[in-house]
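Only one structure is covered here, and it is reproduced in the block below.
The values are calculated or read from the model by the stated rules, or taken from the named source; none is laboratory data. This one's a predicted model, so the numbers in the text were calculated from it and none came from an experiment. Please note: Cβ atoms are built from the backbone with ideal geometry, for glycine as well, and neighbour counts cover all protein chains shown. What goes into the accessible areas is simple: the full protein's heavy atoms, side chains included, and nothing from ligands, DNA or RNA. Shrake-Rupley method; radii C 1.70, N 1.55, O 1.52, S 1.80 Å.
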Amino acid sequence: MERLSDDALWLVAERFKVMAEPMRLKLLRALMGGEKTVSDLVGETGGLQANVSKHLGLLLDAGVVGRRKQGTSSFYRITDDTVYDLCDLVCGSLQQRLSGELEGFSPATTGQETA
């Protein structure tokens with residue numbers, strides 16, 4: 001990482017903080033398929049409407065998502081394309097780590113037999 005000022009590091013930490021919540025990650029994952037309404041997102045994430053709206057507001061304030069109003073509906077979309085790269089990087093790294101850890105588990109190492 002290049003040398004960043006304290007102010008720049010604070011902004012980076014804020015970006016990570018806004019994404020460090022499972023419901024916000026669910027919302028981002030749902031939005032990776034394209035623009036969606038709040039009710040679409042409620043259905044896809046299983047969250048309550050008030051909770052989904054609260055998290056969308058935080059993502060909006062952070063500049064990660066954008067909102068477009070049409071009539072009485074609000075449509076949300078990802079506006080910061082680095083979200084895709086960040087998710088690919090983190091998810092790929094975790095998948096490799098978990099795959100390696102799971103390879104070590106077998107009936108012989110756990111003391112259990114398969115049926």
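Just the number, please: carbon plus sulfur as a percent of the accessible area of the chain, 1.4 Å probe, no ligands or DNA/RNA counted.
55
Okay, helix-only estimate at 222 nm for the chain: each DSSP H run of n ≥ 4 adds -39500 (n - 2.57), divide by all residues, round to 500 deg cm²/dmol; what do you get?
-18500 deg cm²/dmol
Can you give the accessible area per residue of the chain, in Å², using a 1.4 Å probe?
That works out to 71 Å² for each residue.
Once fully extended, how much extra length lies between Gln49 and Arg29, figured as 0.36 nm per residue of separation less the alpha-carbon to alpha-carbon distance?
Length gained, Gln49 through Arg29: 5.5 nm.
Enumerate the amide H contacts of Phe75 below 5 Å, restricted to partners 5 or more residues apart or on another chain; note that Pro and chain-start residues carry no placed amide H.
The answer is Arg68, Lys69, Gln70.
What FRET efficiency comes out for the pair Glu14/Ser73, r = Cβ-Cβ distance, R0 = 25 Å, nearest 0.05?
0.30
Choose one of Ala50, Met23, Ser73: the residue whose Cα lies farthest towards the positive end of the charge dipole of the chain (beta-carbon charges +1 Lys, Arg; -1 Asp, Glu; about the Cα centre).
Ser73
Roughly what angle does helix 6-18 make with the longest principal axis of the chain, taking Cα atoms, 0 to 90 degrees, to the nearest 10?
Approximately 80 degrees, to the nearest ten.
Step through the residues of region 61-68 one at a time and calculate ³J(HN,Hα) from phi using the Karplus curve (6.51 cos²θ - 1.76 cosθ + 1.60, θ = phi - 60°), rounding each to whole Hz and writing x for Gly and Pro.
My calculation for region 61-68 gives 4, 7, x, 7, 10, x, 10, 10 Hz in order.
Got a sec? What order do Val52, Val90 fall in by accessible area at 1.4 Å, biggest, i.e. largest, first?
Val90, Val52
What does the charge dipole of the chain about its Cα centre add up to, to the nearest 20 debye, if the Cβ of each Lys and Arg holds +1 and the Cβ of each Asp and Glu holds -1?
560
Could you give the Stokes-Einstein D for the chain in µm² per second, using the C-alpha Kirkwood radius, 20 °C, 1.002 mPa s?
129
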